[in-house]
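One structure is given here, and the rest of the page talks about it.
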Amino acid sequence: MQARSVILNAKQTVDALRTLVGTASPKKSLTKAATSAAVQAFQARDYHEVTGDIIVPSMVQGIDHLRDPRLNKGLAFTLEERQILGIHGLQPARFKSQEEQLELCRISISRYQEDLNKYLYLVDLQDRNERLFFRLISEDVEKMMPIVYTPTVGLACQKFGLIYRRPRGLFVTINDRGHVFDVLRNWPEPDVRAIVVTDGERILGLGDLGACGMGIPVGKLALYTALAGIPPHQCLPIVIDVGTNNKDLLEDPLYIGLRHQRVQGKEYDEFIDEFMQAVVKRYGQNTLIQFEDFGNHNAFRFLDKYRNTYCTFNDDIQGTASVAVAGMLAAKRITNKRISDNTFLFLGAGEAAVGIADLVVKAMQAEGTGLQEARDKIWMFDIDGLLAKGRPEGRLGGHKAYYAKDHGVMKNFADVVKEVKPSVLIGASAAGGAFTPEILQAMGQFNERPIIFALSNPTSKAECTAQAAYDNTEGRCIFASGSPFPPVQYGGKTFITGQGNNAYIFPGVALGVIVTGTHHIPEDMFLIAAQVVADHVSEADLEKGSLYPPLSAIKECSMDIAVGVTNYAYQKGLASTYPEPEDKKSYIESHLYNYNYQSAMPVTWPWPKQHESSKTREINPTKLQA
Ligand SMILES: O=C([O-])CC(=O)C(=O)O
Ligand SMILES: [Mg+2]
């Protein structure tokens with residue numbers, strides 16, 4: 001007989017599901033219709049035991065409070081909570097505050113010698129106790145960010161097959177063609193607002209790591225919550241697995257992704273289209289989709305293709321550009337030069353380099369410089385040599401063409417440095433150590449205060465170290481790097497250089513976009529973000545050698561960026577959440593994640609006392625008058 005369509009209420013759905021999965025003994029067997037309705041209701045996520053901030057108390061088993069990382073508080077459960085929740089006796093007698101737990105976490109991490117082990121400790125903590133994890137990172141950004149994020153996350157991606165324990169995020173493979181929406185439906189959270197997606201083709205400066213690139217969306221979204229307070233249940237990390245061209249991975253028995261060459265061309269493009277549509281269908285058109293670490297050839301294409309039809313940005317192009325421009329704005333205070341008064345030379349002409357160049361041009365235009373004049377001040381050098389018009393083997397597709405010069409072929413970067421005599425040298429090439437002492441010394445000869453950015457990640461891919469930049473410029477350089485470097489010793493002084501990493505930008509932009517329900521993300525938002533970060537740089541920061549505020553100030557930057565983005569979104573009519581809040585900051589704050597434990601007591605416990613409600617009645621003024 002054909003199953004009749006039935007709609008079950010939440011309780012019936014749960015009962016039916018429990019019966020289906022064998023956790024309840026059925027009073028009577030389920031009809032086919034009820035079974036199908038239960039499965040459908042479950043798949044449509046009509047019902048959740050624990051999702052987002054919503055917990056259905058009667059549906060959570062006692063021990064789930066310890067097993068579910070969103071509920072677990074470990075020894076911080078009070079006696080009342082342990083008794084009411086049915087977990088009394090499942091833990092030792094000791095009660096701890098969250099602060100005491102944090103202290104233990106710090107001690108535990110410091111006992112590991114290797115960063116990868118520290119990373120694994122934090123992965124376990126996130127799997128075990130979510131609030132503790134986020135509070136730990138957000139309260140000690142300087143120490144924790146290099147572990148959950150760059151540079152250690154790069155190593156974690158390289159060893160992903162070896163360290164893989166539990167899944168986090170969604171793996172959508174090319175074999176799911178035609179069914180991407182169904183895969184998205186398997187994600188248990190109904191209220192996703194932001195996705196970070198990679199296809200793993202260009203993980204940091206490490207190249208094609210295929211599905212092992214999952215560490216990146218996970219790490220970026222950890223910063224969404226830790227640095228911008230975006231609730232974790234609103235964040236979804238995704239890897240799009242279309243294979244890998246990394247020969248070592250294809251032969252590695254530990255590799256966890258599809259074991260074939262990357263699917264490319266029309267099939268790949270259609271798959272990405274299907275993915276974008278499936279996201280909108282599942283989570284709505286305002287779902288933010290952050291593209292991360294795609295190959296150069298795809299990154300620009302997708303940004304151009306989707307930026308006006310989806311809520312999307314490319315962090316490697318736009319986030320990195322924004323943080324680099326923030327550094328340039330801060331550097332003005334040292335050099336007393338406008339951005340337009342500089343000559344730029346880039347090593348690399350990929351996502352980061354071209355993204356930075358485009359935003360620098362915009363910043364120059366804001367200073368009153370003409371478009372062509374601005375572009376003329378920017379030189380680029382890539383794997384084929386200087387970007388010169390008509391160079392024989394050079395690919396000059398897309399925005400790269402804007403920066404090609406009427407110049408003969410040049411293949412030696414040091415020669416280009418000597419000829420162009422840039423005041424700003426920017427490395428975004430993934431060529432570790434490419435800024436040789438000879439190049440750095442030349443920068444020191446042409447400039448009183450040479451600006452040198454070694455932005456490639458992780459640390460091993462940086463174009464030079466902070467120490468090398470100081471040593472080879474008599475300590476006169478203005479330096480920033482994408483990955484952190486230890487303090488520099490030069491001329492009897494200690495310098496703490498800044499990290500020009502897009503982590504200063506994307507969490508705040510994402511927060512502003514999410515709370516306003518902005519659908520498109522205009523380039524101006526990244527210029528706003530750059531200005532906010534530059535405004536957070538104090539004289540003391542500049543004095544000690546940093547063009548950026550300390551990492552501990554990223555949370556404030558994120559909030560101020562979100563306020564800037566929110567103001568802009570309402571001014572330009574891009575916001576979809578109405579009415580427009582008067583006080584933007586408190587509106588944003590009302591959306592933020594709370595890192596502190598919440599009471600696990602049922603909301604109805606203890607029951608309101610009778611005399612308390614009657615007291616309210618007693619002071620009712622109308623009654624008094626009567
Ligand atoms: O992840 C980072 O540290 C910065 C970034 O986007 C990249 O290098 O691709
Ligand atoms: Mg990236």
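The values are calculated or read from the model by the stated rules, or taken from the named source; none is laboratory data. Please read all numbers here as calculations on a predicted model, not as lab measurements. Methodologically, a virtual Cβ is constructed for each residue, glycine included, from the backbone with ideal geometry; neighbour enumeration extends over all protein chains shown. The area values use the complete protein model at the heavy-atom level, side chains included, leaving out ligands, DNA and RNA. Shrake-Rupley method; radii C 1.70, N 1.55, O 1.52, S 1.80 Å.
Descriptive notes on the structure:
- Residue within segment 541-550 that is touching a Leu at 6+ places or on another chain (Cβ under 7 Å), under 28 Å from ASN314 (Cβ atoms) and open to solvent by less than 50 Å² (accessible area, probe 1.4 Å) present: no
- Matching residues, segment 230-249, being part of a loop (DSSP other than H, G, I, E, B) and buried (at least 23 other Cβ atoms within 10 Å of the Cβ): ILE230, VAL242, GLY243, THR244
- Within segment 403-433, the set of residues being aliphatic (A, V, I, L, M), in contact with a helix residue (DSSP H, G or I) (Cβ under 7 Å, 6 or more places away or on another chain) and in a loop (DSSP other than H, G, I, E, B) comprises MET410, ALA428, ALA430.
- Some residue of segment 138-148 being of a type in the set (Gly, Ala, Ser), more than 20 Å from the chain's Cα centre (by Cα) and more than 16 Å from ligand 1 (Cβ to nearest atom): no
- First in segment 193-204 and closer than 19 Å to ASP273 by Cβ, second anywhere and of a type in the set (Phe, Trp, Tyr) and open to solvent by less than 10 Å² (accessible area, probe 1.4 Å), Cβ under 6 Å, 6 or more apart: ASP199/PHE294; GLU201/PHE294
- So LEU227, is it on the phi < 0 side of the Ramachandran plot and either buried (at least 24 other Cβ atoms within 10 Å of the Cβ) or within 14 Å of ligand 1 (Cβ to nearest atom) (or both): yes
- Residue within segment 305-312 that is within 16 Å of PHE453 (Cβ to Cβ) and out of contact with any Leu (no Cβ under 9 Å at 6 or more places or on another chain) present: no
- Flag if ALA503 is out of contact with any Gly (no Cβ under 7 Å at 6 or more places or on another chain) and within 16 Å of ligand 1 (Cβ to nearest atom): yes
- Conditions (1) within 16 Å of ligand 1 (Cβ to nearest atom); (2) among the polar types (S, T, N, Q); (3) touching a Gly at 6+ places or on another chain (Cβ under 9 Å); number of the one not met by ASN298: (3)
- Here LEU206, LEU223 are screened, and the one residue that is within 13 Å of ligand 2 (Cβ to nearest atom), of a type in the set (A, V, I, L, M, F, W, C) and in a loop (DSSP other than H, G, I, E, B) is LEU206.
- Residue within segment 569-580 that is touching a Ser or Thr at 6+ places or on another chain (Cβ under 7 Å) and surrounded by 24 or more Cβ atoms within 10 Å (Cβ to Cβ) present: yes
- Within segment 481-498, the residues that satisfy the criterion of being open to solvent by 10 Å² or more (accessible area, probe 1.4 Å) and either hydroxyl-bearing (Ser, Thr, Tyr) or within 11 Å of ligand 1 (Cβ to nearest atom) (or both) are PRO484, TYR490, THR494, THR497.
- Some residue of segment 228-242 being closer than 23 Å to GLY512 by Cβ and within 16 Å of ligand 2 (Cβ to nearest atom): yes
- Of the helices (runs of 4 or more DSSP H) lying entirely inside segment 98-175, those containing at least 2 residues that are outside the structural domain of LYS555 (by the TED database), without any contact (Cβ under 8 Å) to a residue 60 or more places away in the chain and surrounded by fewer than 21 Cβ atoms within 10 Å (Cβ to Cβ) are 98-111, 115-128.
- Of all the numbered requirements in (1) free of Cβ contacts under 8 Å to residues at least 24 places away in the same chain; (2) within 16 Å of ligand 2 (Cβ to nearest atom), CYS212 misses one, and that requirement is (1).
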